[in-house]
Amino acid sequence: MTRRGRRSARIRQRQRVRLRLVVLRLGGRLGWGPRDVIGFAEALTNRSWRRCGRTDLEAVRDEFLALRWVIRRKSARRSVRPPFPRPNLMEYRHAAEG
């Protein structure tokens, strides 16, 4: 293997290591443990964690980012709406009279 080939292989390996760490961190932010994250990645890519390449890990990263986006949107919607409908004063009066 030439020097250039070894260097590019090391760069690819570093990128893969970084992507693995990003995937594990994103899964951790969702409250998932490393085993859960790895299991999710393996199910999503249909490959073992060790065989997941750059494109596989990018796909897993994108799925975690999409999940975080959906969770944030839902929590933002819930914070705007009251948790349950509040009866107004007139409804209290009707209930007391009836």
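Read the figures in this text as sums done on the coordinates, not as results from a lab. Predicted model, so just to flag it, every value in this text is computed and none were measured. Note that we place each Cβ from the backbone using ideal geometry, even for glycine, and neighbour counts take in every protein chain shown.
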Sorted by Cβ neighbour density within 10 Å, fewest at the top, the residues 38, 11: 11, 38
Residues 78, 61, sorted so that the one with the fewest Cβ neighbours within 10 Å comes first: 78, 61
Residue order, fewest to most surrounding Cβ atoms within 10 angstrom, among 64, 40: 40, 64
Residue-wise HN-Hα coupling along the stretch 5-20, computed from phi with Karplus coefficients 6.51, -1.76, 1.60 (Hz; x: Gly, Pro): x, 5, 5, 5, 5, 5, 5, 4, 5, 4, 4, 5, 4, 4, 5, 4
